[in-house]
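Right, I'll just put the structure down here and ask away after.
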């Protein structure tokens with residue numbers, strides 16, 4: 001039977017214009033990687049259809065060990081405090097290859 005290891009999954013929904021800023025922040029916080037998905041929907045900010053590049057939303061998914069979580073959340077909170085629109089939610093996940101999430105991005 002495969003062994004599983006507990007980690008955290010951070011999901012961030014934001015405008016795609018923030019992608020570069022957040023990518024740099026992930027490197028500073030030694031995140032091992034992330035996945036970006038273009039998304040659309042409707043919520044407190046209204047409908048985001050994503051028909052224009054400057055209004056497109058993305059979802060960024062980051063898996064990391066729990067000991068790295070708080071530093072990343074603090075960095076995201078600073079972005080929110082500066083007025084950037086981020087929706088952040090965190091889930092517990094189990095991974096089969098924990099070593100994959102320890103190496104920081106180059």
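Among DSSP beta bridges lying fully in the chain, give the percent that are antiparallel, nearest 5. Don't skip to the end; give the middle numbers.
Working: 26 of 26 bridges.
DSSP beta bridges in the chain are roughly 100 percent antiparallel.
Can you give the calculated 222 nm mean residue ellipticity of the chain, where each DSSP H run of n ≥ 4 adds -39,500 (n - 2.57) and the sum is split over every residue, rounded to the nearest 500 deg cm²/dmol?
Values: 2 runs with 26 residues, N = 106.
Helix-only estimate at 222 nm: -8000 deg cm²/dmol.
To the nearest 10 degrees, how steeply does helix 19-28 sit against the main Cα axis of the chain, on a 0 to 90 scale?
The angle comes out at about 30 degrees.
Next question. Determine, for 16, 106, 74, the number of other Cβ atoms within 10 Å of each Cβ, and report the residues in order from fewest to most. Let's see the in-between values first.
Details: 16 17, 106 4, 74 10.
Ordered from fewest to most neighbouring Cβ atoms within 10 Å, 16, 106, 74 come out as 106, 74, 16.
Which label belongs to the value computed from this structure, given these candidates for Cα Rg over 2.2 N^0.38 Å: (1) 1.20; (2) 1.37; (3) 1.13?
Identified label for the calculated read-out: (3).
On a 0 to 90° scale, report how tilted helix 66-81 is relative to the longest principal axis of the chain, with both axes built from alpha carbons and the result rounded to the nearest 10.
10 degrees
Then there's this: Mean separation of Cα pairs under 8 Å and 6+ residues apart, divided by the residue count of the chain: what relative contact order is that in percent? If you can, show how the numbers build up before the last one.
Numbers: 170 pairs, mean separation 51.1, N = 106.
After rounding, I find 48 percent.
Fewest first, what order do 32, 23 take by the number of other Cβ atoms within 10 Å?
23, 32
Laboratory data are not the source of any read-out in this text; all were calculated from the coordinates shown. Predicted, not measured: the structure shown is a model, and the values here were computed from it. We place every Cβ from the backbone using ideal geometry, glycine too, and count neighbours over all the protein chains shown.
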